[in-house]
Structure formats: C-alpha cells, structure tokens
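Student: Okay, handing you the structure first.
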Amino acid sequence: MAHIGFLWTPMLQSYQMRVLLYYKYITVPDPAAETEQHRALCEKLDLKGRILISSEGINGTCSGTEDNIEAYKKALNAHPIFCDIAFKESDHPTHAFKKLFVRLRPEVVTLRAGIEAKNAAPYISPEQLQAELERNENLVLIDMRNDYEAEIGRFRNAVTLPMKNFRDLPEHMPELKQYEGRNVVTYCTGGIRCEKASALLKAHGFADVRQLEGGIVRYCEEFPNGYYDGSLFVFDERRTMRFPGARKVTYTSQCSYCGVASDRHIDCTDDICHTLFVCCESCEKTCSGYCKAHQNVTV
Ligand SMILES: [Zn+2]
Ligand SMILES: [Zn+2]
C-alpha cells in the first residue's frame, strides 16, 4: 500500500501541468513570420506540443505549467489575429508531449480537397444535441475521426468510418450518401476537423448538416453521463482521456489479446509496425508491447 500513498503526496501534485487544445480558422497574411514568432513565444514559456500555422489559421495542442499556460492564453488573446479562441483545457501530472513543434503548413488540418472552412455547416450546441438525441429519430451522428479514435469511444449509434487519416475522408463520401436525407450532425475531438468535414458534406449535396460545437470535449464537459460512450483518444502521450464527472466508466473496446474491456492504446514495439492497438496492462507485459501480428517474431 505504500506506493499508493506515495501517488498522493502533495509534492507530486504540485507538478500539475495543463494541456490546451484549440484552433481558429482565420486568414493569416504572413504565416511564415507568424510561425517564427509563435515558436519564440512557446520556447520562452517552456511549452511542449504541436502547433500548426497556415494561411487559413492555427491548430494547436500543447502543455505547460499553469502559469505559463495562462501567460500563453493571454498572449494569444492580445494577438491581432489569434484572439478570441475558445480554449479546451485539461490537467495532467507532467508535460503531455516530449517536444515542441511549431510548423508552417499548407492547411491547419490536411484534407487536400479544396474545401474551405468558411463554407462550414452551422453549429449545434451540446445542449441542443442532447435535446435532439432524446427526441429526433431522423438525426444521425457522423464521426469524422479516424477508426482507431472511434474504437475506444464514440457517440452511441454514430456512423464511424474505416479511415486512418482525415485526408482520406473524400474517398468515403459514397458510403455516407445513404444519410443524405437525414438531419446530419458531424463531430470530432474539438471541432477543427468538422469545420472542413461539414463543408465537404455540403459540397456533396447534403442539405441538412450541422457540426457539434466544441466537439466531444465540450459535449462531455457538459454531459459526462450523456450519449458519448467510452474514452476520448488524444494525440499526446496520454493517448486516452476520461472526463471528470462520469458516474461510471464505459468501454467500447476490448484488449486485443484477452478480450477484457479496455481503452488502453499502445503502439506496437516493432520498429516498422508501430500499429496502435488496444491492450490491457497485463497483456502488454506478456506480449512485450508487440501487436498480434508481431508477437511471435520476438526472441
Ligand atoms: Zn489483455
Ligand atoms: Zn506490430
């Protein structure tokens, strides 16, 4: 029991870090210069994470101490272009990233479909979605994330797609055609992908499309015991995030070895494979972190 007590020592708790998730679509006149200035700001504040800047806006997720994250938010709010961002925040005992990447990119979210976020569908708020999920049978939720994200958590009865990259979304339009006449609501982690995904659906003739405002993060903050089952996949070292306030932990996935309910994603130890798969703690030890396809080739 000694080490359980150790986990709760105040010393460790004082190392609490904050993780930010945010985006803003806005015309950036000189994205190369903004990227350089932004990197300098993040380095000064000792932030780690992944921030993409393009002529269409900014897409970031980063971690830092509470004070530094507050200073960063303040700097962005005072910025002529990047002000008024709705930040999504969570806590973590350490940095959620190993390094800092601030990069100039052609798009803040890669779709390569000539789709602009300014043609996005209108928002539906978490409250409105909750109300409609209780009474609107013509509503259909479409998950715009990758298959490994939807595997460990998704909205009940949502349509999910077998894709590994968001840029593959245009290829899946034929599969989605059957929902054209429905009241479509798209969702993703924090909303950034839906700005383009909902515009893509509209361009393909979907008449009634809305996008979930603030994504799963905002919905689960307001309705931790609502229609979202399982955990949230996040693109940082946490991999999986649960929401405070959930009365019970639900699972939508199982350990690929023993079948126990689990939302633990690990990536295969094999240097070439690196496939993400669901694996419980005990099976991770038994298989030394290798996926089923590579387990037998280990020495
Ligand atoms: Zn297992
Ligand atoms: Zn493997």
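The values are calculated or read from the model by the stated rules, or taken from the named source; none is laboratory data. Please read these numbers as outputs of a predicted model, since none were measured by experiment. Neighbour counts run over all protein chains shown; Cβ positions are idealised from the backbone, glycine included.
Residue-by-condition table, conditions (1) over 22 Å from the mean Cα position of the chain (by Cα); (2) buried (at least 16 other Cβ atoms within 10 Å of the Cβ); (3) in contact (Cβ under 8 Å) with a residue 24 or more places away in the chain:
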{"site": "VAL234", "(1), (2), (3)": "no, yes, yes"}
{"site": "PHE243", "(1), (2), (3)": "no, yes, no"}
{"site": "VAL249", "(1), (2), (3)": "no, no, no"}
{"site": "ARG264", "(1), (2), (3)": "no, yes, yes"}
{"site": "CYS273", "(1), (2), (3)": "yes, no, no"}
{"site": "GLU281", "(1), (2), (3)": "yes, no, no"}
{"site": "GLU284", "(1), (2), (3)": "yes, yes, no"}
{"site": "CYS287", "(1), (2), (3)": "yes, yes, yes"}
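Student: Within region 264-297, take every residue that is among the β-branched types (Val, Ile, Thr) and more than 12 Å from ligand 1 (Cβ to nearest atom) and give me the one that is nearest to PHE235 (Cα to Cα).
Tutor: THR275
Student: Going through region 260-288 one residue at a time, which ones are within 9 Å of ligand 2 (Cβ to nearest atom), closer than 21 Å to GLU149 by Cβ and in a loop (DSSP other than H, G, I, E, B)?
Tutor: Restricting attention to region 260-288, the residues satisfying the condition of being within 9 Å of ligand 2 (Cβ to nearest atom) are 267-270, 272-275, 277.
Those still in the list that are closer than 21 Å to GLU149 by Cβ too: 267-268, 273-275, 277.
CYS268, CYS273, HIS274, THR275, listed by residue number.
Student: Another question, if that's okay. For TYR219, only one of the following conditions fails: (1) more than 16 Å from ligand 2 (Cβ to nearest atom); (2) closer than 16 Å to ASN146 by Cβ; (3) among the aromatic types (Phe, Trp, Tyr); (4) not in a loop (DSSP other than H, G, I, E, B). What is its number?
Tutor: The one condition TYR219 does not meet is (2).
Student: Additional query: Picking from GLU134, GLU151, which residue would you name as being exposed (fewer than 15 other Cβ atoms within 10 Å of the Cβ) and either aliphatic (A, V, I, L, M) or closer than 26 Å to VAL249 by Cβ (or both)?
Tutor: Exactly one residue qualifies, and that residue is GLU134.
Student: While we're looking at this one, here's another question. Which of the strands (runs of 3 or more DSSP E) contained wholly in region 79-191 include at least 3 residues that are not aliphatic (A, V, I, L, M)?
Tutor: In region 79-191, 88-92, 153-155, 183-187 are the strands (runs of 3 or more DSSP E) which contain 3 or more residues that are not aliphatic (A, V, I, L, M).
Student: Would it be correct to say that SER253 is within 16 Å of ligand 1 (Cβ to nearest atom), surrounded by 17 or more Cβ atoms within 10 Å (Cβ to Cβ) and modelled with pLDDT of 95 or more?
Tutor: Working: within 16 Å of ligand 1 (Cβ to nearest atom): yes; surrounded by 17 or more Cβ atoms within 10 Å (Cβ to Cβ): yes; modelled with pLDDT of 95 or more: yes.
Taking the combined requirement at face value, the residue satisfies it.
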